[in-house]
Structures are given as structure tokens and as C-alpha cells.
Amino acid sequence: MRNMFIFLKSLSRSVHGDEEPQEQPELSKTDGGSNDDDLCTSLTVWRKSLLISCNGFTVIDSNGNLVYRVDNYMGGRTKELVLMDGKGNSILTMRRCKNLRLVDTWVIYGGEVGDHCTSEKPIFYVKKCINILHTNKSNVLAYVYRPPSDKRYAYTIEGSYSHRSCKVVNEKKRVVAEIKRKDATSGGICFGLDVFVLIIKAGFDPGFAMALVLLLDQMFS
């Protein structure tokens with residue numbers, strides 16, 4: 001495990017070390033935003049579990065510290081995902097809705113929920129955008145709703161996950177999180193699309209941003 005963390009720190013430097021400062025959009029005060037670009041959080045997302053027998057994700061900060069992890073024993077598309085912090089504590093649970101077969105929809109709960117979560121109240125719904133007529137000029141990938149209403153979305157996710165180029169946009173059309181591709185190389189190994197950068201603007205929850213990444217991976221991988 002020690003060798004793994006040494007590797008992760010090296011990977012973090014290869015991803016973050018040569019990044020140039022970029023102009024960031026202004027945040028809405030309703031999102032707890034700030035105009036100080038230095039308050040943005042940049043995370044390295046590695047599409048690999050720390051456990052050999054699992055698929056999943058490992059997320060590290062710019063110092064190489066483990067901040068989030070996902071260990072998926074089932075592999076591939078699944079019915080449930082649990083986002084954990086670096087110590088293995090459950091932060092968010094995501095479950096695929098069973099009653100909507102034609103639309104890929106997920107429910108997000110706070111913390112860890114049991115097998116029967118009828119008493120638990122979801123904090124968000126995430127619905128994949130299905131555009132049969134291919135008239136989606138804004139490249140919307142998914143809509144994020146606050147329950148109980150699904151009439152007005154709180155966020156849209158736009159771009160292309162397959163190219164690791166996405167933005168989470170709030171109701172005021174301001175970007176609160178971004179996924180950016182980074183061709184990281186460590187120890188002579190090129191990671192391609194399996195390693196990318198998640199940038200979270202000040203005031204937006206990094207854990208929730210990572211949950212949206214997980215759902216994009218389920219919807220578009």
C-alpha cells in the first residue's frame with residue numbers, strides 16, 4: 001500500500017505540475033461562490049480502484065493525498081455506487097431507479113443507505129438526456145434535479161464524457177465544476193482517458209461533483 005501512495009503522489013505531480021492558470025467564470029452567491037480563483041479545488045481522478053479485485057475510482061488532491069475512493073465489486077454498469085472518503089467512510093450512495101426503464105435515472109442519498117431506503121430522502125436526482133431527434137445543440141448530457149420536483153433542474157451537465165471534457169452548469173448558466181482531459185504519464189506509463197482532472201469552483205461540494213463523475217461514467221461508458 002505504501003508503494004501505491006508513492007505512485008499516487010507521483011501521478012498527482014504529473015497531472016497538476018504543468019497546468020497553467022486559466023480564467024474561471026464568476027460563481028453565483030447562491031452556490032456559496034467566490035471570485036477568488038485560488039479557492040478552486042483541483043483533483044486527479046484515476047479510473048482504477050485501490051483494490052486489485054475491484055473496478056472503481058481513486059481520487060487524489062494536488063499534494064497526492066487520497067480524498068475519495070470507489071470500490072465496485074460487480075464491475076461495469078451497476079445498480080448502486082458508494083462514494084467513500086479517503087478513510088473508507090461512506091459519503092454518498094447512488095442508486096439506479098427501477099421504475100424508469102427508458103431513461104437512465106439515478107437517485108443520490110447522503111451517506112450509506114440500507115437495502116430498503118424508503119425512509120431515506122434523496123438529495124438529488126440525475127437523469128440522462130435522451131435526444132432522439134439529435135437536436136441537442138448545447139450538448140447536454142444529463143439534468144440534475146432537487147427532489148421532490150423534476151420540472152426544473154438545478155444543474156445541467158454539458159460536453160462529452162468520452163472526451164473527458166464536461167461542465168456542470170447551474171441555473172444561472174455559471175460553471176461550478178469541470179472535467180478536463182490530461183494525458184498523464186508516470187513511470188513511463190501513459191494513462192490516457194483513465195486519468196483526468198476534476199476542477200471544483202469555490203462553494204460547490206467536491207464530493208457531489210465526484211458523484212456526478214461516477215454517474216457520467218455509468219451513463220456514457
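Sort Tyr143, Tyr73 so that the residue with the fewest other Cβ atoms within 10 Å of its own Cβ comes first and the one with the most comes last.
Tyr73, Tyr143
Using per-residue counts of other Cβ atoms within 10 Å, averaged over each peptide, order 205-215, 160-170 from highest down.
Highest-to-lowest ranking by the protection proxy: 205-215, 160-170.
Anything over 19 Å Cα to Cα? Flag those among Lys79/Lys127; Lys167/Lys201; Lys151/Lys173; Lys151/Lys180; Lys173/Lys201, in the order listed.
Over 19 Å apart, Cα to Cα: Lys151/Lys180.
If one computes P(r) from the Cα atoms of segment 153-194, what percent of pairs lie at distances over 12 Å?
Tail of P(r) above 12 Å: 62 percent of Cα pairs.
Each reported figure results from applying straightforward, stated rules to the coordinates on display, with no laboratory input. It should be emphasised that the depicted structure is a prediction, and the values quoted were computed from it without experimental measurement. A quick note on method: Cβ atoms are made from the backbone with ideal geometry, for glycine too, and the neighbour counts reach across all protein chains shown.
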